[in-house]
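This report refers to the structure that appears directly beneath it.
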Amino acid sequence: MLGCVIMASGHSSRFGEDKLFLEIDGVPMVERALDAVPDGVFGSVTVVYRDDRLARMVAERGFITVPNPDDSGDSAITIRLGLSTLPDGLDGCMFMVCDQPLLTSDSIRRLVKAFSASPDSIVRLSYGDKEGNPVIFPAALFDELLDLPPNESGRYVIDRHRDLVQCVQATEESELLDVDSPSDLLSLTD
């Protein structure tokens with residue numbers, strides 16, 4: 001069984017304003033992320049958030065919500081908060097961000113399938129040679145994720161265990177696009 005942690009507590013500092021509720025084709029970016037999580041695939045889904053509007057939206061879906069009171073933008077704290085909500089006995093956990101509005105449920109299902117076939121691997125979405133998110137970590141690496149140095153992300157653990165990384169190809173390169181700037185958003189709406 002897998003857990004899922006959706007990281008939605010960033011500060012959108014590169015974007016210049018809170019981007020998660022900006023709409024793409026009439027749907028808020030954060031809602032697109034929540035919609036990409038396939039039903040019945042994860043034993044537990046947690047959303048780590050800062051904005052109370054998001055907490056209400058998530059609660060309606062039956063996902064666990066965890067507020068992140070930290071103002072530093074340290075993703076290591078977000079990861080720790082998310083992992084702390086997971087039930088015991090999981091085989092692994094998928095971490096995903098909310099600013100990849102073109103990520104599909106199909107890609108998430110293929111990540112889960114690849115992890116099921118190789119449950120000691122770190123499985124991540126990629127396109128060609130470009131590695132991205134989401135990433136599934138096996139439970140054996142949870143302690144390392146819980147002990148991340150300040151301001152480090154899952155990439156820190158991935159870099160320490162490159163031999164465990166297995167990439168699953170996205171259908172389209174656009175699934176890996178992070179909306180980090182207004183120009184990224186414009187490229188999606190043009």
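The values are calculated or read from the model by the stated rules, or taken from the named source; none is laboratory data. These figures come from a predicted structure and were not determined experimentally. Note that each Cβ is placed from the backbone with ideal geometry, even for glycine, and that neighbours are counted across all protein chains shown.
Scanning the stretch 113-136 for residues that are buried (at least 19 other Cβ atoms within 10 Å of the Cβ), aliphatic (A, V, I, L, M) and either free of Cβ contacts under 8 Å to residues at least 40 places away in the same chain or under 14 Å from Val5 (Cα atoms) (or both) yields Val135, Ile136.
Comparison of Ser72, Ser118, Ser126, Ser107 shows that the only residue that is among the small types (Gly, Ala, Ser), at pLDDT 95 or above and farther than 22 Å from Leu177 by Cβ is Ser118. Across the stretch 137-161, the qualifying residues are those that are in contact (Cβ under 8 Å) with a residue 60 or more places away in the chain and within 26 Å of Glu172 (Cα to Cα), and the one among them that is surrounded by the fewest Cβ atoms within 10 Å (Cβ to Cβ) is Ser153. Residues satisfying the criterion are present in the stretch 83-94 (criterion: modelled with pLDDT of 90 or more, of a type in the set (Asp, Glu), more than 13 Å from the chain's Cα centre (by Cα) and closer than 20 Å to Ala140 by Cβ).
Of the helices (runs of 4 or more DSSP H) lying entirely inside the stretch 71-190, those containing at least 2 residues that are small (Gly, Ala, Ser) are 75-83, 105-117, 182-189. Whenever a residue of the stretch 67-81 is within 14 Å of Glu144 (Cα to Cα), its partners that are part of a loop (DSSP other than H, G, I, E, B) and among the hydrophobic types (A, V, I, L, M, F, W, C), lying with C-beta atoms within less than 6 angstrom and at least six residues away or across chains, give the pairs Ala76/Leu148.
Residue-level analysis places Leu141 among those that are more than 22 Å from Gly73 (Cα to Cα), of a type in the set (A, V, I, L, M, F, W, C) and at pLDDT 95 or above.
Taking Arg61 as the residue in question, decide whether it is farther than 14 Å from Val5 by Cβ and surrounded by fewer than 18 Cβ atoms within 10 Å (Cβ to Cβ). Lay out the reasoning, then the answer.
On the way: farther than 14 Å from Val5 by Cβ: yes; surrounded by fewer than 18 Cβ atoms within 10 Å (Cβ to Cβ): yes.
Here the answer is yes, as Arg61 does meet what is asked.
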